[in-house]
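Laboratory data are not the source of any read-out in this text; all were calculated from the coordinates shown. Every value quoted in this text rests on a predicted model; they were computed, and no experiment measured them. Note that we place each Cβ from the backbone using ideal geometry, even for glycine, and neighbour counts take in every protein chain shown.
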Amino acid sequence: MKYKLQDILRRALVLLLVVWTVVSLVTILIELVPGDPAAAILGDQARPEDLVAFRTRHGLDRPAFFFTFPEDAGGARTFRWHGWDNRYVEYWRGILRGDMGLSFRTDRPVRALILSRYGATIQLAVAALLVAVAIAVPLGVVAGTNRGNWIDNVLSVVALFGISLPSFVLGPLLMFVFAVWLGWVDPSGRFEWKSIILPAVTLGAALSALLTRMVRSSVIEEMGEDYVRTARAKGLSERKVVYKHVLKNGLIPVVTILGLQLGVLLAGAIITEKIFNWPGIGLLLVEEGINKRDYRVVQGCVLVISVTYILANTLTDLLYRRLDPRIRLS
């Protein structure tokens, strides 16, 4: 069953609206931050002509939005309309051309900076998903097939502990045990394949706990269906009944969480990347964007993260349709 053209256009319109809203809000908040970016980056000892050249190069000599409220000679605020000649419109014109502007500090294209870091973030997010699935599926199946006994209770407590433990606590704890104390892996950076283990476990721990509860609920719900009794009556082993039928039919809620959490992992990777000095887009956002007040880098990182999050949700909807054609595109 194919998608209708109106459904595709409606979804595309919603995606564009969400991206525009997110980036616009970030742009407004950035412009409301007090201080002069030119003075902050060039320093207090910068010459006036250098400040003027910096503002001209990065478009800071133009108004931020369509209108402003400057003070007149008497100190009163007056309304002034600037039309389309403002930084906000120019930024979106650049986005439509694939240009995210230049970094205030390095003068390098923001697009190049993000592309150099984006692969590391995707690698970490995918590794975290694999860790979460590898832990959650067997534990969830075991808990669901042993509903109400001590095994189920123990695994429920473990899942609750995993959800409650934040990454900024788990990350340093894992780093101390496995990197400092045991010396099995590097404490930070991206040098070899073992470097991704601790960040992936830190990022995937909370998700694995959530998925464990989801898999458990799905298994318990599916175990009461008629097709399970039919499969048992045919002489299938309990293992085949669970993994071939029950788990397959209970996959849709788990896929829902996985699709939604991919975007969450990309955003939540900011803390994990900072802890382990993982050279991804989150570390770029914090160290080069926020800490150094490089607003173009902040805008570019937020744009890429929001687009990735939205695309992940869209792919989740498409996968719904693949798993169950009865589900309509919403």
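In terms of surrounding Cβ atoms within a 10 Å radius of their Cβ, Val26, Val241 rank from fewest to most as Val26, Val241. A Gaussian network model of the chain, with springs between Cα atoms under 10 Å, assigns the largest mean-square fluctuation among Leu13, Leu210, Leu130 to Leu13. The ranking of Ile197, Ile151 from fewest to most other beta carbons within 10 Å of each one's beta carbon is Ile151, Ile197. Let me make sure I get this right: for the chain, a, b and c are the square roots of the gyration tensor eigenvalues over alpha carbons, sorted descending. Under 1.5 in a/c it's rounded, otherwise prolate if a/b > b/c, else oblate. Which is it? It is prolate, given that a/c is not under 1.5 and a/b is the larger ratio. Under 5 Å between amide H atoms, partner at least 5 residues away or on a different chain: which partners does Leu102 have, H built in plane at 1.01 Å? Amide H to amide H, under 5 Å and 5 or more residues apart or across chains, Leu102 pairs with Val110. The helix-based estimate of mean residue ellipticity at 222 nm for the chain, built from -39,500 (n - 2.57) per DSSP H run of four or more residues and divided by its residue count, is -21000 deg cm²/dmol to the nearest 500. Within the listed set Gln261, Gln45, Gln123, the residue fluctuating most in the Gaussian network model of the chain (springs between alpha-carbon atoms under 10 angstrom) is Gln45.
Within the chain, the longest run free of exposed loop sites, counting trypsin sites (Lys or Arg not before Pro) that sit outside DSSP helix and strand states (H, G, I, E, B) and have at most 13 other Cβ atoms within 10 Å, spans 5-96. Measuring r between the beta carbons of Leu25 and Arg108 and using R0 = 30 Å, the FRET efficiency lands at 0.70. Net charge in the neighbourhood of Leu311 (other residues with Cβ under 13 Å of its Cβ; Lys, Arg +1, Asp, Glu -1) is 0.
In order along the range 54-67, phi translates into HN-Hα couplings of 5, 5, 5, 4, 9, x, 6, 7, 9, x, 6, 10, 5, 8 Hz, rounded to whole numbers, per the Karplus curve 6.51 cos²θ - 1.76 cosθ + 1.60 with θ = phi - 60° and x for Gly and Pro. Axis angle, to the nearest 10 degrees, between helix 87-96 and the longest C-alpha principal axis of the chain: 50 degrees. Hey, how many Å between the Cα centroid of the range 125-160 and the Cα centroid of the range 76-118? Between the Cα centre of the range 125-160 and that of the range 76-118, the gap is 46 Å. Both numbers refer to the Cα atoms of the range 161-284; Rg and Dmax are 19.1, 58 Å. Residues His58, His82, ranked from the fewest to the most other C-beta atoms within 10 Å, line up as His82, His58. For the residues Phe67, Phe104, Phe176, a GNM of the chain with alpha-carbon springs under 10 Å puts the largest fluctuation on Phe67. Spin-label model, Glu90 to Lys194: label points 7 Å out along the Cα-to-beta-carbon direction sit 5.1 nm apart. Only one residue of Pro63, Val23, Ala38 has its Cα farthest out toward the positive end of the dipole of the chain, where Lys and Arg carry +1 and Asp and Glu -1 on Cβ, and that residue is Val23.
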